[in-house]
Amino acid sequence: MMLLVAKFDDPYDVLLFVLQGNTVYISTDLFYIDLQCDKSPANQSLRDVRVAHHGSQPTSVPAMTQALRLGNVQLFMEHIKGFMDMYNVDSES
């Protein structure tokens, strides 16, 4: 297992990356993303990107899968940021 942590401008926005077998997990406190990879020698490719809120079943997100297949990491990260923004709560309200 391999572990990597990424931080954003907001000190509460932290992503935990875990590589386990043929899956990469990107996790926050409230949701996680799993990247299902095919690592066979003949076909090293991304099969699916799925998102789940902790405690629920993961759901496939074709737009995120397509972004990574096209090598558009910026678009993929925009999707992640969108999920993170869904959970941001204005502390002044």
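Each value in this text was obtained by applying a stated rule to the coordinates, not by laboratory testing. Here the structure is a predicted model, which means the values were calculated and not measured. Don't worry about glycine lacking a Cβ; one is built from the backbone with ideal geometry, like all the others, and counts go over all protein chains shown.
Couple of notes before you dig in:
- Scalar couplings 3J(HN,Hα) for the stretch 51-56, obtained by applying the Karplus form with A = 6.51, B = -1.76, C = 1.60 to θ = phi - 60°, are 10, 9, 7, 3, x, 10 Hz; x denotes Gly and Pro.
- Cα gyration tensor category, rounded, prolate or oblate, for the stretch 23-73 with a/c compared to 1.5: prolate
- Hypothetical label at Asp29: residues of the stretch 57-83 whose amide nitrogen lies under 18 Å (7 Å Cα-Cβ projection): 81-83
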